[in-house]
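Presented below is the structure to which this report refers.
The values are calculated or read from the model by the stated rules, or taken from the named source; none is laboratory data. Just so it is clear, the structure is predicted and the values come from calculations on it, not from any experiment. Here the Cβ positions follow ideal geometry from the backbone for every residue, glycine too, while neighbour counts run over all protein chains shown.
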Amino acid sequence: MERIKGWADRILALCCIVLCAGFTVTVTWQVAARFLFNSPGAQSEELAKIMFVWLVLFATALLFGERGHMNIGIVCDKLPRKLGLVCQLLSSLVILGFAVGILLLGGLDAVSRTSFQTNAAMPFITTGQIYAALPICGGFTVFYCVYNILQDIRKFIADGQSANGMEG
């Protein structure tokens, strides 16, 4: 599982780097076209929007895999260690439900419903292709969530075994 996580991390990081570079070039071109040629292109503006959304989704999935996502840990942090792990597990289960229901299944539904709609500014791209970031990042988030849940269960079991070992 560690090996798969390492590959997922590398794939997402590479996607983020490529998207960030492409976004930077596209926005630079958009600004140059607007000020130097007085002719901003609709395609570059639309492409920048799409790349920004994809970058945010991919970076969010990567950050979630590193457990760097924003959470309100005040409740879990104030609890004793075992209860804190249970709280973390429950939180991860809620996030897993969101990732499966909204990102993965909802994203797949959005892609299938819009796979034949073309983009007005870029008719060679369908809306379904744009929405494909949702289920892709949903899949990564589901994987990371399951990985984190398994890690938390291992910690919970290890704490129980170390507590039992200390008593005996």
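Look at Ala158 and say whether it is surrounded by fewer than 18 Cβ atoms within 10 Å (Cβ to Cβ), outside any helix (DSSP H, G or I) and aliphatic (A, V, I, L, M). In short, no. Any chance segment 139-154 includes a residue that's at pLDDT 90 or above, touching a strand residue (DSSP E or B) at 6+ places or on another chain (Cβ under 8 Å) and either exposed (fewer than 15 other Cβ atoms within 10 Å of the Cβ) or more than 25 Å from Trp7 (Cα to Cα) (or both)? No. Would you mind stating whether Leu89 is surrounded by 13 or more Cβ atoms within 10 Å (Cβ to Cβ) and of a type in the set (A, V, I, L, M, F, W, C)? In short, yes. Given the conditions (1) more than 17 Å from Ala8 (Cα to Cα); (2) buried (at least 18 other Cβ atoms within 10 Å of the Cβ), which single one is not true for Leu134? Going through the list (1) more than 17 Å from Ala8 (Cα to Cα); (2) buried (at least 18 other Cβ atoms within 10 Å of the Cβ), Leu134 breaks only (1).
Just one of the listed residues (Leu85, Leu93) is in contact with a Lys or Arg (Cβ under 9 Å, 6 or more places away or on another chain), in contact (Cβ under 8 Å) with a residue 24 or more places away in the chain and part of a helix (DSSP H, G or I), namely Leu85.
Applying the criterion of being exposed (fewer than 11 other Cβ atoms within 10 Å of the Cβ) and of a type in the set (Phe, Trp, Tyr) to the residues of segment 1-43, the residue that is nearest to the chain's Cα centre (by Cα) is Trp7.
The criterion of being aliphatic (A, V, I, L, M) and buried (at least 16 other Cβ atoms within 10 Å of the Cβ) holds for Val111.
Could you please let me know if Thr60 is of a type in the set (S, T, N, Q) and within 21 Å of the chain's Cα centre (by Cα)? In short, yes. Quick check on Glu66: is it surrounded by 17 or more Cβ atoms within 10 Å (Cβ to Cβ) and acidic (Asp, Glu)? No; evaluated as a whole, the condition is false for this residue. Determine whether Phe52 is surrounded by fewer than 16 Cβ atoms within 10 Å (Cβ to Cβ) and assigned to a helix (DSSP H, G or I). For Phe52, the condition - surrounded by fewer than 16 Cβ atoms within 10 Å (Cβ to Cβ) and assigned to a helix (DSSP H, G or I) - is met. Selection of segment 55-82 for residues being outside any helix (DSSP H, G or I) and farther than 30 Å from Glu2 by Cβ yields an empty set. Inspection of segment 117-126 finds no residue satisfying the criterion of being part of a helix (DSSP H, G or I) and under 25 Å from the mean Cα position of the chain (by Cα). For segment 16-49, a tally of residues being in a helix (DSSP H, G or I), hydrophobic (A, V, I, L, M, F, W, C) and without any contact (Cβ under 8 Å) to a residue 12 or more places away in the chain returns 9.
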